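**Q** My questions will all concern the structure given below.
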Amino acid sequence: MHAFSHSTTSTPTAVAVPPSLSLPVIEAAFPRQLHPYWPRLQEKTRTWLLEKRLMPADKVAEYADGLCYTDLMAGYYIGAPDEVLQAIADYSAWFFVWDDRHDRDIVHHRPDAWRRLRFRLHAALGSPEDHLHHEDPLVAGLADSVGRLYSFLSPTWNARFARHFHTVIEAYDREFHNRTNGVVPTVEEYLALRRLTFAHWIWTDLLEPSAGQELPDTVRKHPAYRRAALLSQEFAAWYNDLCSLPKELAGDEVHNLGISLIKHEGLTLEEAVTEVRRRVEECISEFLVAEREALALADELADGTLKGKELSAAVRACVCNMRNWFSTVYWFHHESGRYMVDSWDDRSTPPYVNNEAAGEK
């Protein structure tokens, strides 16, 4: 089921959320938003996945829209120029395909293939223009999407984005080794790793081109702004853990907050689910406080000058979209085929994954 109908209306379809995953405060206090470009976005990202050979044509036709990748981004970066949202959506779709390749390389014991991909991604991030026609579609796809993202703001923003994503690639490597060796990280180790594998600061960086302005360090690193940004991302990561726990237990995963709680804190599955849910709900209540403080910061920046007015508006736009992340992530988990494990023939093998691209037959 899709997040929104195929018309241009933003009226969501009715979705039954399981009681164990239901968050009434999100449904009541975090209304859904939808970028008006969404219908075109869905169409163009679908075409991009085909052109870049990131998914086979049959899987794109059968699964791409139902995975709701564009719905997720169109519900987050409200107000972004169309070309910015398109680049973000293509990068996001690429990220999901990369995540699936990483998973398949682990499942099918392909450390050499993963190592080659890891080094190639680092290289493509540094010089995307040199990797646009790379033989591996994942490398070429990253080069294409990142090259477009690099065109919106300054070289300083580009360098920051690259620095943040280099650390994400290395975190995926740590996750590869943990899963290969059956290592379940402690709760604290997991939380630190999760902030990187979920790419907290990447999605936060992308708020800036969406708002049309690069934020100075004094704003980005201000406790009020940083706290609101972190809480919005922590909610998304932990709610993802709550929803994907059955899928990840079926797939012999070791990276999930619930799994770390079971392994290292001695909790039962039921107790772990309760604890993850408690943390998710705490994130929401803490964000509501942090949001007010971040908006107050935005007000303070409006100092009567044109520069202050523009900076204030950009910060307000970023904070408003942090709020949108809650609702779009929440509904994504109940509408995307990525989490409909019960409908899969094999609960450990998503039907939309592309094994052949990684050398399998």
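The values are calculated or read from the model by the stated rules, or taken from the named source; none is laboratory data. A quick note: this is a predicted structure, and the numbers were derived from the prediction, not measured. Every residue, glycine as well, gets a Cβ built from its backbone with ideal geometry; the counts of neighbours run over all protein chains shown. When the accessible area is computed, the model is the full protein with side chains, heavy atoms only, and any ligands, DNA or RNA have been set aside. Shrake-Rupley method; radii C 1.70, N 1.55, O 1.52, S 1.80 Å.
**Q** Name the lysines eligible as straight-distance cross-link partners of LYS263: C-alpha to C-alpha under 25 Å, and not fewer than 8 places from it in the same chain.
**A** LYS247
**Q** Need the list of aspartates and glutamates near LYS307 for cross-linking: C-alpha distance under 14 angstrom, and skip anything on the same chain fewer than eight residues off.
**A** Partners found: GLU214, ASP299.
**Q** Size of the dipole of the chain about the Cα centre, Lys and Arg at +1 and Asp and Glu at -1 on the beta carbon, nothing else charged, in debye to 20?
**A** Once rounded to the nearest 20, the dipole reads 500 debye.
**Q** Moving to a separate point now. Quick one, what does Rg over Rh come out to for segment 205-353 if you take C-alpha atoms and the Kirkwood Rh?
**A** 1.09
**Q** When all C-alpha to C-alpha distances in the chain are sorted into bins of 20 Å, what percent of pairs does each bin hold, rounded to whole numbers?
**A** Reading the bins upward from 0: 29, 62, 9, 0.
**Q** Work out Dmax and Rg for segment 135-244 from the C-alpha atoms and quote the Rg first, both in angstrom.
**A** Cα only, segment 135-244: 15.6, 44 Å (Rg, Dmax).
**Q** What Rg and what Dmax come out for segment 101-173 when only alpha-carbon atoms are used, in angstroms?
**A** 12.8, 41
**Q** Any chance you could look up the accessible area of ILE106 with a 1.4 Å probe, heavy atoms only, rounded to 10 Å²?
**A** My reading of the accessible area for ILE106 is about 20 Å².
**Q** Further question: Which lysines, if any, have their Cα less than 27 Å from the Cα of LYS44, not counting same-chain residues under 8 positions apart?
**A** By straight Cα distance, LYS44 reaches LYS52, LYS59.
**Q** Mind ordering 319-332, 201-214, 285-298, 262-275 by average Cβ neighbours within 10 Å, highest first?
**A** The peptides rank, most packed first, as 319-332, 201-214, 285-298, 262-275.
**Q** How large is the helix-only mean residue ellipticity at 222 nm for the chain, computed as the sum of -39500 (n - 2.57) over DSSP H runs with n ≥ 4, divided by its residue count, in deg cm²/dmol to the nearest 500?
**A** -21500 deg cm²/dmol, from helical runs alone.
**Q** While we're looking at this one, here's another question. Quick check: pseudo-label points 7 Å beyond the Cα along Cα→Cβ at GLU51 and ALA28, how many nm apart are they?
**A** 4.6 nm
**Q** Still on this structure, please answer the following. Between LYS307 and GLU135, 0.36 nm times their residue separation minus their Cα-Cα distance comes to what?
**A** That works out to 57.4 nm of additional length.
**Q** If the chain between HIS108 and GLU282 were fully stretched, how many nm would it gain, using 0.36 nm times the residue separation less the Cα-Cα distance?
**A** 58.9 nm
**Q** At 0.36 nm per residue, minus the direct Cα-Cα distance, what do LYS221 and VAL15 gain on full extension? Give it in nm, one decimal, please.
**A** Stretched out fully, the LYS221 to VAL15 stretch lengthens by 70.4 nm.
**Q** Please give the charge dipole size of segment 214-361, origin at the Cα centre, charges +1 on K and R Cβ atoms and -1 on D and E Cβ atoms. Round to the nearest 20 debye.
**A** Here the size comes out at about 520 debye.
**Q** Rounded to whole Å and sorted largest first, what semi-axes of the equivalent ellipsoid does the C-alpha gyration tensor of segment 138-190 yield via the square root of 5 times each eigenvalue?
**A** 30, 14, 6
**Q** Here is a further query. Tell me the net charge near LEU295. Cut-off is 12 Å between Cβ atoms, LEU295 excluded, with +1 for each Lys or Arg and -1 for each Asp or Glu.
**A** Local charge sum for LEU295: -1.
**Q** Running a GNM on the chain with Cα contacts under 10 Å, which residue among LEU23, LEU257, LEU138 ends up with the highest mean-square fluctuation?
**A** Of LEU23, LEU257, LEU138, the Gaussian network model singles out LEU23 as fluctuating most.
**Q** For labels at ARG40 and GLU62 in the simple 7 Å Cα→Cβ model, what's the distance in nm?
**A** Those two pseudo-labels are separated by 3.2 nm.
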